[in-house]
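Engineer: Here it is: the structure, laid out below.
The values are calculated or read from the model by the stated rules, or taken from the named source; none is laboratory data. Just so it is clear, the structure is predicted and the values come from calculations on it, not from any experiment. Neighbour counts run over all protein chains shown; Cβ positions are idealised from the backbone, glycine included. With ligands, DNA and RNA removed, areas are computed over all heavy atoms of the protein, side chains included. Shrake-Rupley method; radii C 1.70, N 1.55, O 1.52, S 1.80 Å.
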Amino acid sequence: MTVAETLAAHTAEVPDFPKAGVLFKDFNPLFAAPAAFAEVLEDIAGRWRGQVDVVAGVEARGFILGAPLAQRMDIGFVPIRKVGKLPGETVSCEYDLEYGSAVVEVAADAFADAHRVLLVDDVLATGGTAAAACELIERAGGRIAGIEMLLELRFLAGRDKLDGYVVNAIQVD
Ligand SMILES: O=P(O)(O)OC[C@H]1O[C@H](OP(=O)(O)OP(=O)(O)O)[C@H](O)[C@@H]1O
Ligand SMILES: Nc1ncnc2[nH]cnc12
C-alpha cells in the first residue's frame with residue numbers, strides 16, 4: 001500500500017459538517033490506527049529529518065500530527081494556538097477558513113533559537129489557516145523550510161495563498 005492509499009483507507013468523509021455544503025475530512029480513524037499513523041508520520045519525517053530545527057502545528061489537529069512528528073525527528077514542537085490560550089507575549093493573526101474565521105497566536109520568542117520551521121496540519125482547504133500560520137512564524141523570527149499537509153482540497157486553491165513555500169500534500173478533488 002502507498003501512503004496515499006493508507007491515508008485514504010483511514011479517512012472518513014462527513015457531508016454537511018460543520019455546515020451545509022462542506023465535505024468534512026475526518027482523520028480520527030488514522031489517529032486510532034497506530035501502524036497507519038506511524039507510516040504517515042514516518043513518510044513526512046523521512047523528507048525532513050536533519051533539515052529542520054522545529055515543527056510548528058496549528059490547534060487542534062496540527063497538534064495531533066505535529067507533536068509525535070517532532071518527537072520522531074528528535075526536535076521540538078511549537079503550538080500555534082487559537083486566541084487567548086497562550087501566556088506571555090504573543091504575536092497574532094486573524095484569518096478566514098473554509099467554514100468560518102478565527103485568530104491564531106504564537107509565543108513571540110518561539111523561534112528565537114530554531115530558525116528552520118516545518119509547519120504541519122491535516123487539511124489544506126482555502127489556505128487561510130496555513131497563510132496565517134506562516135505569517136506568525138515569520139513575525140516570530142522563524143524561517144519556513146516547508147509545509148506538510150495530509151490532504152489538499154484542490155478545488156479550494158489553498159496553494160495559491162502559499163506562493164513561494166514548499167508545500168507537500170496528497171491532492172484530492
Ligand atoms: O485551509 P483552511 O480553509 O484555512 O482550513 C484548514 C484548517 O481547518 C481545520 O482546522 P479548524 O480551524 O477547523 O480547527 P480544528 O483543528 O480545531 O478542528 C484544519 O485542521 C486546518 O487547520
Ligand atoms: N473539508 C474539510 N475537512 C476537514 N477539515 C477542514 N478544514 C477546512 N476544510 C476542511
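Engineer: Spot the failing condition for Phe111; the list is (1) closer than 21 Å to Gly158 by Cβ; (2) more than 16 Å from ligand 2 (Cβ to nearest atom); (3) aromatic (Phe, Trp, Tyr), and only one is missed.
Structural biologist: Every listed condition holds for Phe111 apart from (1).
Engineer: Do we find a residue being part of a strand (DSSP E or B), open to solvent by 20 Å² or more (accessible area, probe 1.4 Å) and more than 16 Å from ligand 1 (Cβ to nearest atom) anywhere in segment 119-139?
Structural biologist: no
Engineer: OK, next. Taking segment 145-161 only, how many residues are hydrophobic (A, V, I, L, M, F, W, C) and either crowded, with 22+ Cβ neighbours inside 10 Å or within 9 Å of ligand 2 (Cβ to nearest atom) (or both)?
Structural biologist: Looking only at segment 145-161, we keep the residues that are hydrophobic (A, V, I, L, M, F, W, C), and these are 145, 147, 149-151, 153, 155-157.
Cutting the leftovers down to either crowded, with 22+ Cβ neighbours inside 10 Å or within 9 Å of ligand 2 (Cβ to nearest atom) (or both) gives us 147, 149-151, 153, 156.
Number satisfying all stated conditions: 6.
Engineer: Next question. Considering every residue within segment 68-86, establish whether at least one is surrounded by fewer than 18 Cβ atoms within 10 Å (Cβ to Cβ), more than 16 Å from ligand 2 (Cβ to nearest atom) and either closer than 18 Å to Val167 by Cβ or polar (S, T, N, Q) (or both).
Structural biologist: yes
Engineer: Pick from Val14, Val55, Val22: which is touching a strand residue (DSSP E or B) at 6+ places or on another chain (Cβ under 6 Å) and open to solvent by less than 40 Å² (accessible area, probe 1.4 Å)?
Structural biologist: Answer to the check: Val55.
Engineer: What is the number of the single condition among (1) under 15 Å from the mean Cα position of the chain (by Cα); (2) at pLDDT below 95 that Ala112 does not meet?
Structural biologist: So Ala112 meets the others, but not (1).
Engineer: Among (1) out of contact with any helix residue (DSSP H, G or I) (no Cβ under 8 Å at 6 or more places or on another chain); (2) not in a loop (DSSP other than H, G, I, E, B), there is one condition Gly88 misses while meeting the rest; what is its number?
Structural biologist: The failed condition is (2).
Engineer: Shifting gears a bit: Of the residues Ala102, Ala60, which single one is under 15 Å from the mean Cα position of the chain (by Cα), within 14 Å of ligand 2 (Cβ to nearest atom), surrounded by fewer than 18 Cβ atoms within 10 Å (Cβ to Cβ) and not basic (Lys, Arg)?
Structural biologist: Of the residues listed, the single one that is under 15 Å from the mean Cα position of the chain (by Cα), within 14 Å of ligand 2 (Cβ to nearest atom), surrounded by fewer than 18 Cβ atoms within 10 Å (Cβ to Cβ) and not basic (Lys, Arg) is Ala60.
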